[in-house]
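As structure tokens, the structure follows; a few thoughts come after it.
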Amino acid sequence: MTTTIESFAGEDILSVNQFDRASLSAIIEIAHEMRVLVERFGGAELLQGKILANLFYEPSTRTSSSFTAAMQRLGGQVIPINNVQYSSVSKGESLPDTIRTLECYADVIVIRHPEVGAAATAAYYAEKPVINAGDGVGEHPTQALLDLFTVQEELKQIDGLTVVMVGDLRYGRTVHSLTKLLLNYNVSFIFVSPDILRLPADVLEAVKASGHSYSQVDDLHSVIGETDVLYMTRVQRERFTDLAEYDRVKDFYVVDQDLMAKAGKNMIVMHPLPRVGEISYAIDDDPRAAYFRQMRNGMYIRMALLAALLDKA
Ligand code: ASP
């Protein structure tokens with residue numbers, strides 16, 4: 001059965017596996033309308049009277065503040081819990097109890113947590129919709145949706161593209177989610193990483209099973225000429241148990257003017273951010289550098305999702 005945007009009313013957003021092409025097209029279209037709305041009027045009162053609880057057990061700048069901005073631009077309000085060390089979590093409160101508390105006050109709960117599956121646990125205990133804003137090395141579905149929206153806005157197509165994912169493919173949850181989401185489209189993948197940071201087996205298996213063309217290499221310069229979307233990532237220091245290993249791989253790839261000179265003129269460079277050295281500041285003014293536009297798109301996609309979940313899309 002194809003899902004439509006209406007079928008997301010009251011649902012949780014836990015994984016990109018919940019989406020198909022029809023629902024993705026609908027969300028992309030609504031996000032585009034949200035962009036036009038914000039550019040013309042700053043927002044609308046669609047979610048007036050609604051409250052979002054923003055519960056972050058891990059650091060965040062963009063995800064947390066764009067959910068806040070999305071809710072507020074649609075007339076709703078936010079309970080921000082960005083420092084769990086100052087909440088009852090530091091007194092030893094369990095995740096189910098924290099969730100049961102927040103849903104007494106809010107209509108939707110956004111959660112980021114260091115453990116894979118934590119958002120699903122939260123959703124199990126909550127009656128209200130729960131949105132996974134990153135569960136450890138698991139998934140980051142709303143990032144993948146904004147990444148997909150960015151590709152569509154920038155290149156006006158998704159089918160037919162060669163998407164090159166670079167860096168920490170092992171621990172980077174945005175790579176896991178975006179790769180799985182792109183399986184809905186006719187794209188080719190090139191996965192560029194050092195050996196120890198290759199894609200997890202389950203994600204690679206999903207790519208193989210889908211029949212999409214893909215390759216795994218460790219040299220970025222040799223594939224840059226055939227790249228349509230260059231998706232850079234940071235090596236996820238916080239996921240390493242051995243920091244000497246992190247030090248060995250952290251500076252493997254850098255997008256600089258030398259690399260960009262070999263890239264096509266219509267390709268784009270994306271990054272979920274934060275960057276910590278893998279994109280030179282010298283290319284920020286290159287029109288192909290899409291990462292700042294990408295982060296703005298996060299607000300539009302989250303406006304679209306909140307409207308859909310709260311049945312106002
Ligand atoms: N902000 C993204 C995330 O939360 C990417 C990153 O942290 O590297 O997964």
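Side notes on the structure shown:
- With the simple model of a label 7 Å out from the Cα in the direction of the Cβ, V217 to I51 spans 5.4 nm.
- If you sort M299, M260 by accessible surface, 1.4 Å probe, largest first, the order is M299, M260.
- The string of couplings for the range 174-181 from the Karplus curve (6.51, -1.76, 1.60, θ = phi - 60°) is 5, 5, 4, 5, 5, 4, 5, 5 Hz, one whole number per residue in order, with x for Gly and Pro.
- The relative contact order of the range 1-72, computed from alpha carbon pairs under 8 Å that lie at least 6 residues apart in sequence, is 23 percent.
- Net charge of neighbours whose Cβ lies under 14 Å from the Cβ of L204, counting Lys and Arg as +1 and Asp and Glu as -1: +1
- When the C-alpha to C-alpha distance is required to be over 30 Å, the pairs from K128/K208; K180/K312; K128/K250; K91/K128; K50/K156; K208/K312 that qualify are K128/K208; K128/K250; K50/K156; K208/K312.
- Excluding ligands, DNA and RNA, the accessible surface per residue across the range 1-140 is 48 Å² with a 1.4 Å probe.
- Karplus-derived HN-Hα couplings along the range 221-230 (A = 6.51, B = -1.76, C = 1.60, θ = phi - 60°), whole Hz, x at Gly and Pro: 4, 6, 10, 4, x, 9, 8, 9, 10, 9
- Sorting V217, V229 on solvent-accessible area from highest to lowest, probe radius 1.4 Å, gives V217, V229.
- Note on K262: aspartates and glutamates with a C-alpha under 12 Å away, same-chain residues under 8 apart excluded, are E226.
- Gyration tensor verdict on the range 197-313 (Cα atoms; rounded if a/c is under 1.5, prolate if a/b is larger than b/c, oblate otherwise): rounded
- Full-extension gain in nm, T61 to Q77, via 0.36 nm per residue minus C-alpha separation: 3.9 nm
- Top positive-direction residue, dipole computed over the range 4-81 with Cβ charges, set F8, L52, L24: L52
- Rolling a 1.4 Å probe across all protein chains gives D159 an accessible area of roughly 60 Å².
- In degrees, nearest ten, helix 291-309 long axis to first principal axis of the chain (Cα): 30 degrees
- Carbon and sulfur %, accessible surface of the range 1-152 computed with the full protein complex present, 1.4 Å: 50 percent
- Between the helical axis of 141-155 and the longest alpha-carbon principal axis of the chain there is an angle of about 50 degrees.
- Between helix 95-105 and the chain there is an angle of about 60 degrees, using the helix long axis and the longest principal axis of the Cα atoms.
- A crude spin-label estimate for the pair E127 and D286, with each label 7 Å from Cα along the Cβ direction, gives 5.3 nm.
- Potential lengthening between V254 and S25 on full extension [0.36 nm per residue; Cα-Cα distance subtracted]: 79.1 nm
- Relative contact order (%) - the range 226-313, alpha-carbon pairs under 8 angstrom, separation at least six: 32 percent
- In this calculation the C-beta distance from E226 to D247 is compared with R0 = 35 Å, giving a FRET efficiency of 0.70.
- In this structure, the amide hydrogen of A133, modeled 1.01 Å from its nitrogen in the peptide plane, lies closer than 5 angstrom to those of I111, R112, counting only residues at least 5 positions away or on a different chain.
- Mean Cβ neighbour count within 10 Å, used as a protection proxy, ranking 116-123, 280-287, 34-41 highest first: 116-123, 34-41, 280-287
- Amide hydrogen neighbours beyond the local backbone of G10, cut-off 5 Å, H modeled: L310, D311
- GNM top mover of G42, G76, G172 - the chain, alpha-carbon springs below 10 Å: G42
- If you run the Gaussian network model on the chain, springs between alpha carbon atoms under 10 Å, then out of Q48, Q236, Q85 the most flexible one is Q85.
- The chain - convex hull of the alpha-carbon atoms, volume per residue in Å³: 132 Å³
- HN-Hα J in Hz across the range 122-128 - Karplus 6.51, -1.76, 1.60, θ = phi - 60°, x for Gly and Pro: 4, 5, 4, 8, 9, 7, 7
The values are calculated or read from the model by the stated rules, or taken from the named source; none is laboratory data. Worth saying up front: this structure is predicted, and the values here are computed from it rather than measured. Cβ atoms come from the backbone with ideal geometry, glycine included; neighbour counts cover every protein chain shown. Ligands, DNA and RNA are stripped out before the accessible areas are found, and what is left, the full protein with its side chains, is counted by its heavy atoms. Shrake-Rupley method; radii C 1.70, N 1.55, O 1.52, S 1.80 Å.
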